[in-house]
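The structure appears right after this line, and notes come after that.
The values are calculated or read from the model by the stated rules, or taken from the named source; none is laboratory data. What you see is a predicted model, and the numbers here were worked out from it, not measured in a lab. Cβ atoms come from the backbone with ideal geometry, glycine included; neighbour counts cover every protein chain shown.
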Amino acid sequence: MPVVIPFFRSKGLSMAEIMILQSVFSFSVVLFEVPSGYFGDVVGKKFSIVLGMLLSSVGFLLLYFSYGYVTLIFSEVVLGLAASFISGSDSALLYDSLLKIGKTDDYVKYQGRFTSAGNFSEAAAGLVGGFLATFAIGLPILVHSIVLLLGFLVALTLKEVPIKRMNIKETNKNFKAIFKLITNNQILKWWLAFTAVVAVGTLTTAWLAQAFFESIQMDLKFYGILWAALNLIVGIGALLSNTFKNNFKQSHILYTIMLTVCLGLPLAGFANSALGVLFILMINFFRGIKEPIIKERINYFSPSDKRATILSLNNLIFRLAFASLIPIGGFLLDVFPFKTAMSIYFTPLLLLGLFAVFMIGKLSKSDI
């Protein structure tokens, strides 16, 4: 949503209150993430996606008609539930489909196309949303709800690959097997840690880019254009992810992603001008590159009947981290200048992320 922060601002919210709302959303995803991923594994990944799309439409409709902070919180909870039903099941369904036809080596290519299609669509929506906001700040929210309802209808046409599913009556046994798998696979654990750091960084950028636009007093009419540009660059990165994977060492890709994601917003703050947008564009480019590569690795280490649950655990980890940290980011922005707030916020993330890359290289015996 290109104007979501101005939308919340129009309701009289401070940056800290806005970030608390995003924390509520993330904690809601954390609460429902693993149960919904497990739901996808034992009931069906398609059904999980269909339900998530329907709830997404309802959530944005509630957001549009919200009239107080409590109703805004409730809307974020519904949207968190919706996101949890979709996350994990979508990537797992794609990997299962490729596994069925023996084309898992092409996963990064197809996931890149999948990601880029979403971002190119969001880029177009950003232009439309910015235009609609000039008529009424809440109008993009309402239109977004309608578009998600159309997405629900499209999801009904998905085909699910038949696989042997876990028995829902053996839930305790199933979760013990899943946690044993993760505990015994050290490299998978560090991939999950790396994913958490990068996801927190990119999600923070997605939200605080608008705060940066505010800090340089950018005109609201440019928000939609920039939102479109940011999503276009993510889509381009996703399309090029397979090329990067095939032509560069894994170590170089991972270190570049980590440095770009964690240094981009602080550098934008020090630029303190429209030049800072270039750093945000760089973050989004590598956000596009990392998505298919990371998901391919996690899918690779996960058996089909547990794939959606493990992917949901991955999302749970980064959502929990984001929900814990983003209120601190909002508080820092209310107290310090943008460059100082972002430098403080991203320093521990950078240190942890670099260590995760080192451990991935050590455990995979790559030449980092």
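Of the residues that make up the range 78-85, is at least one in contact with a helix residue (DSSP H, G or I) (Cβ under 8 Å, 6 or more places away or on another chain) and under 30 Å from Gln250 (Cβ atoms)? Give the steps one after another, and end with the answer.
Within the range 78-85, the subset in contact with a helix residue (DSSP H, G or I) (Cβ under 8 Å, 6 or more places away or on another chain) is 78-85.
Still in the running and under 30 Å from Gln250 (Cβ atoms): 83-84.
There is at least one residue in the range 78-85 that is in contact with a helix residue (DSSP H, G or I) (Cβ under 8 Å, 6 or more places away or on another chain) and under 30 Å from Gln250 (Cβ atoms).
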From Leu281, Leu240, Leu259, grab the single residue that is modelled with pLDDT of 90 or more and touching a helix residue (DSSP H, G or I) at 6+ places or on another chain (Cβ under 6 Å). Leu281
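Go over the candidates Lys46, Lys109, Lys11 one by one and state the one that is outside any helix (DSSP H, G or I) and either surrounded by fewer than 18 Cβ atoms within 10 Å (Cβ to Cβ) or in contact (Cβ under 8 Å) with a residue 12 or more places away in the chain (or both).
Values: Lys46 fails: outside any helix (DSSP H, G or I); Lys109 fails: outside any helix (DSSP H, G or I).
Every option except Lys11 fails the conditions.
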Determine, yes or no, whether Phe179 is closer than 30 Å to Gly12 by Cβ and at pLDDT below 90. no
Pairs please, first residue from the range 350-368 and part of a helix (DSSP H, G or I) and surrounded by 18 or more Cβ atoms within 10 Å (Cβ to Cβ), second anywhere and modelled with pLDDT under 85 and not basic (Lys, Arg), Cβ atoms under 7 Å, 6+ apart in sequence or on different chains. Val357/Ile368; Gly361/Ile368
